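The values are calculated or read from the model by the stated rules, or taken from the named source; none is laboratory data. Computed from a prediction, not measured in an experiment: that's the story for all the values here. No Cβ is skipped: glycine too gets one built from the backbone with ideal geometry, and neighbour counts run over all protein chains shown.
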């Protein structure tokens, strides 16, 4: 497949998947129209790069569908110079987009997880739920997937007023959520049911009921 084909597919993704689904931030659109998503998927799956579905990366991990990435970016309200803690870096597609929007990105990926390629970001290897406290505090927490609960360990690495975007798993359904940290506490609003890949290591603690 030629570069021209990929450019056409990228333009079609923007017009048919993003603009028709409430991704209307010009800076998000500009970044996703510019960054070559095909560079961040396995070679044998490059033809699927712009299909609106998750792409398997191996080792049980997948890359989010383009629409999920676009919605997360829109809700994150990235401003140039924002310090972003990216959880679940995978191959680096979200990191590349965030960098293209002017963010300073610290990307966390678990040991043995996908290799980060072609992204202007500081990579930290370790448990996703541990974050990267050595680079704290951060202005934005960008969880690139769905988890059961945002752990306190991540919230503690954020400035007061920090924006948070994530997927939350509820009853087997993944939902796009966003919120802010105020006084050390995170409040999230549920925005839409959306397909987001599941990230490992975020099981909610067992709660007793009476």
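All of 203, 178 fail the test of being in a loop (DSSP other than H, G, I, E, B) and either at pLDDT 95 or above or surrounded by fewer than 16 Cβ atoms within 10 Å (Cβ to Cβ) (or both), apart from 203. Do we have any residue at all in the stretch 126-136 that's surrounded by fewer than 17 Cβ atoms within 10 Å (Cβ to Cβ), at pLDDT 95 or above, part of a strand (DSSP E or B) and in contact with a strand residue (DSSP E or B) (Cβ under 9 Å, 6 or more places away or on another chain)? No, because not a single residue in the stretch 126-136 is surrounded by fewer than 17 Cβ atoms within 10 Å (Cβ to Cβ), at pLDDT 95 or above, part of a strand (DSSP E or B) and in contact with a strand residue (DSSP E or B) (Cβ under 9 Å, 6 or more places away or on another chain). The set of residues from the stretch 38-58 being touching a residue at least 60 places away in the same chain (Cβ under 8 Å) and surrounded by 16 or more Cβ atoms within 10 Å (Cβ to Cβ) comprises 39, 40, 54. For the stretch 92-112, taking the residues that are out of contact with any strand residue (DSSP E or B) (no Cβ under 6 Å at 6 or more places or on another chain) and assigned to a loop (DSSP other than H, G, I, E, B), the one that is modelled with the lowest pLDDT is identified as 112.
Condition test on residue 15, is it surrounded by 13 or more Cβ atoms within 10 Å (Cβ to Cβ) and either without any contact (Cβ under 8 Å) to a residue 60 or more places away in the chain or in a loop (DSSP other than H, G, I, E, B) (or both)? So residue 15 does not fit the description; no. Counting the residues of the stretch 80-116 that are surrounded by fewer than 23 Cβ atoms within 10 Å (Cβ to Cβ) and free of Cβ contacts under 8 Å to residues at least 24 places away in the same chain gives 5.
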